[in-house]
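One structure is given here, and the rest of the page talks about it.
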Amino acid sequence: MKQALSVSNKEIVSLVENGGVLSPKGYKAGAVHAGLRYNRLDIGVLISDTPASCAAVYTTSHFQAAPLKVTQESIANEGKIQAVIVNSACANACTGEQGLKDAYKMRTLTSEKFNVSEDYIAVASTGVIGEYLPMDKIESGINSLEPGKGGENAEDFQKAILTTDTVMKSSCYQAEIGGKSVHVGGAAKGSGMIHPNMATMLGFLTTDAAISPEHLSAALKEVTDITFNQITVDGDTSTNDMVIVMANGQAGNEPLTPDHSDWPVFVKLLKENCESLAKQIARDGEGATKLIEVAVKGAVSNDEARTIAKQIVGSNLVKTAVYGADANWGRIIGAVGQANASVNPETVDIELGPIVMLKGSNPVAFSEEEAKAYLEKDTIHIMVDLNMGDGSGTAWGCDLSYDYVKINASYRT
């Protein structure tokens, strides 16, 4: 069953119900419990039947983890990847030369297990920073992997990449491109330490579209700026953030370029998938009870609108007010005021869902009971109109609850 989303009169993108990372043609996945975590899947693999064009974006943290360096090296060779190996429980970050050797060893073990060139293998890790990988368990786990193409294989992969996540995160969208049915699917993890400056915790995207690594990279970077880069849970950027996309061409379409008539359709496919995963991550923020969506319009540019939206959704005062169902619009205006963007303090409008709270920077009388009832919903929409220009942007986050402190006060235990 597919739910149609209109892109324009000639472009239709549809959500694939229960779709995910294995929905595109030519991919398989699997996972095992190697003992890195107690009684939970902790090593996963995602494989394309053939080498696929690949693009990735990475954390801007000064402390990029060892697996990111290995992945960047693999992609730089030919712009192609055939397999991604990932472990949870240990981030293999800030682990020095030994950590880099261990990441390379993961690549070698995966190469030997699946008979795939090392240059076609990406490595990802997530978990506690500053701990070394137990390579005996890693080796045993990789050698035990038996990937498949079924829905249970996709679910196992999704489970293996989780840390403090409470739910799996997946999505898939489909569209007709050049007369061929093209899919973009994905799986992601992320719940805490979420304030990406490139992507999110870990995201794995697959597509059967035919596209060169160069053009795939351009599309991913464009989409990342308005999806993954627009979420925040706690304002902290991880050492291991990475989003990687593989395109194996098995849909049989003519190779996509920015000059192709269906290029906007492909970008829309990628955007819808990334936005879905980003919102799922924001909703599953550690201790979160509500998803917050902030839309800003009337800014002098789209970039400034996105900056303000993310400033609002990242404000601890806004987040706690939403958690407590306190309709204190002063928290919102305070966040707008400190954003690094142009603001006219005389022209701002604020709406909380259907409730107008500020018009032309003047307070508007509203029902506290109605506002409280709205804030008790599980999805909260905040709209800010600067009335200065045509720029618009959206950001997503979550409320801040007591449980966030509890979870992170005992993260390693």
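The values are calculated or read from the model by the stated rules, or taken from the named source; none is laboratory data. The structure presented is a predicted model; accordingly, all values stated were derived computationally and were not measured. Note: ideal-geometry Cβ built from the backbone for every residue, glycine included; neighbour counts use all protein chains shown. Keep in mind that these areas ignore ligands, DNA and RNA; they rest on the heavy atoms of the full protein, side chains included. Shrake-Rupley method; radii C 1.70, N 1.55, O 1.52, S 1.80 Å.
Say whether the condition of being at negative phi, among the polar types (S, T, N, Q) and part of a loop (DSSP other than H, G, I, E, B) is met by at least one residue in the range 78-91.
Taking the range 78-91 and keeping what is at negative phi, we get 78, 80-88, 90-91.
Next, only the ones that are among the polar types (S, T, N, Q) stay: 82, 87-88.
Next cut, part of a loop (DSSP other than H, G, I, E, B) only: 88.
Yes: the range 78-91 contains one or more residues that are at negative phi, among the polar types (S, T, N, Q) and part of a loop (DSSP other than H, G, I, E, B).
Quick one: in the range 235-287, which of the residues that are among the polar types (S, T, N, Q) and under 30 Å from T164 (Cα atoms) is farthest from the chain's Cα centre (by Cα)? Steps first, answer last, please.
As a first pass, look at the range 235-287 and keep what is among the polar types (S, T, N, Q): 237-240, 248, 250, 253, 257, 261, 273, 276, 280.
When the remaining residues are screened for being under 30 Å from T164 (Cα atoms), the result is 237-240, 273, 276, 280.
Numbers: T237: 13, S238: 13, T239: 15, N240: 13, N273: 9, S276: 8, Q280: 8 Å.
Within the range 235-287, the match that is farthest from the chain's Cα centre (by Cα) is T239.
Which one of T200, T163 is at pLDDT below 95, open to solvent by less than 10 Å² (accessible area, probe 1.4 Å) and either part of a loop (DSSP other than H, G, I, E, B) or out of contact with any Lys or Arg (no Cβ under 6 Å at 6 or more places or on another chain) (or both)? Break it down into steps so the answer makes sense when it comes.
Details: T163 fails: open to solvent by less than 10 Å² (accessible area, probe 1.4 Å).
Answer to the selection: T200.
Taking the conditions exactly as written (closer than 30 Å to G235 by Cβ and touching a residue at least 60 places away in the same chain (Cβ under 8 Å)), does A29 satisfy them or not? Before you say what the answer is, go through the steps one by one.
Values: closer than 30 Å to G235 by Cβ: no; touching a residue at least 60 places away in the same chain (Cβ under 8 Å): yes.
In short, no.
Any chance you could count how many residues in the range 373-413 are part of a loop (DSSP other than H, G, I, E, B), open to solvent by 30 Å² or more (accessible area, probe 1.4 Å) and over 21 Å from A295 (Cβ atoms)? Please lay out each step first, then the result.
Here is the first cut: in the range 373-413, the residues part of a loop (DSSP other than H, G, I, E, B) are 376-378, 386-390, 399-401, 410-413.
Within this subset, residues satisfying the condition of being open to solvent by 30 Å² or more (accessible area, probe 1.4 Å) are 376-378, 387-390, 400, 410-413.
Checking the rest, the ones that are also over 21 Å from A295 (Cβ atoms) come to 410-413.
Count: 4.
Taking the condition of being within 25 Å of D225 (Cα to Cα), open to solvent by 10 Å² or more (accessible area, probe 1.4 Å) and either of a type in the set (D, E) or touching a Leu at 6+ places or on another chain (Cβ under 8 Å) (or both), how many residues in the range 309-331 meet it?
1
Going by the conditions given, is A288 touching a residue at least 24 places away in the same chain (Cβ under 8 Å), open to solvent by 10 Å² or more (accessible area, probe 1.4 Å) and touching a Pro at 6+ places or on another chain (Cβ under 8 Å)? Steps first, please.
Working: touching a residue at least 24 places away in the same chain (Cβ under 8 Å): yes; open to solvent by 10 Å² or more (accessible area, probe 1.4 Å): yes; touching a Pro at 6+ places or on another chain (Cβ under 8 Å): no.
Taking the combined requirement at face value, the residue does not satisfy it.
Taking the conditions exactly as written (farther than 17 Å from I281 by Cβ, in contact with a strand residue (DSSP E or B) (Cβ under 7 Å, 6 or more places away or on another chain) and either modelled with pLDDT of 95 or more or surrounded by fewer than 24 Cβ atoms within 10 Å (Cβ to Cβ) (or both)), does A187 satisfy them or not?
Working: farther than 17 Å from I281 by Cβ: no; in contact with a strand residue (DSSP E or B) (Cβ under 7 Å, 6 or more places away or on another chain): yes; either modelled with pLDDT of 95 or more or surrounded by fewer than 24 Cβ atoms within 10 Å (Cβ to Cβ) (or both): yes.
So A187 fails the test.
Looking for something under 25 Å from Q72 (Cβ atoms), without any contact (Cβ under 8 Å) to a residue 60 or more places away in the chain and open to solvent by less than 50 Å² (accessible area, probe 1.4 Å) - is there at least one such residue anywhere in the range 138-148?
Taking every residue of the range 138-148 in turn, none turns out to be under 25 Å from Q72 (Cβ atoms), without any contact (Cβ under 8 Å) to a residue 60 or more places away in the chain and open to solvent by less than 50 Å² (accessible area, probe 1.4 Å).
Mind checking whether some residue in the range 358-372 is more than 30 Å from K271 (Cα to Cα) and in contact with a Lys or Arg (Cβ under 6 Å, 6 or more places away or on another chain)?
Step one: filter the range 358-372 for residues more than 30 Å from K271 (Cα to Cα), giving 358-372.
Subsequent filtering for residues that are in contact with a Lys or Arg (Cβ under 6 Å, 6 or more places away or on another chain) retains none.
No, the conditions are met nowhere in the range 358-372.
Based on this model, can you work out whether A103 counts as in contact (Cβ under 8 Å) with a residue 60 or more places away in the chain and either assigned to a helix (DSSP H, G or I) or open to solvent by less than 30 Å² (accessible area, probe 1.4 Å) (or both)?
Values: in contact (Cβ under 8 Å) with a residue 60 or more places away in the chain: no; either assigned to a helix (DSSP H, G or I) or open to solvent by less than 30 Å² (accessible area, probe 1.4 Å) (or both): yes.
The answer is no for A103.
Can you tell which of K149, K113 is over 25 Å from the mean Cα position of the chain (by Cα) and of a type in the set (D, E, K, R)?
Numbers: K149 fails: over 25 Å from the mean Cα position of the chain (by Cα).
Being over 25 Å from the mean Cα position of the chain (by Cα) and of a type in the set (D, E, K, R) holds for just one of K149, K113, which is K113.
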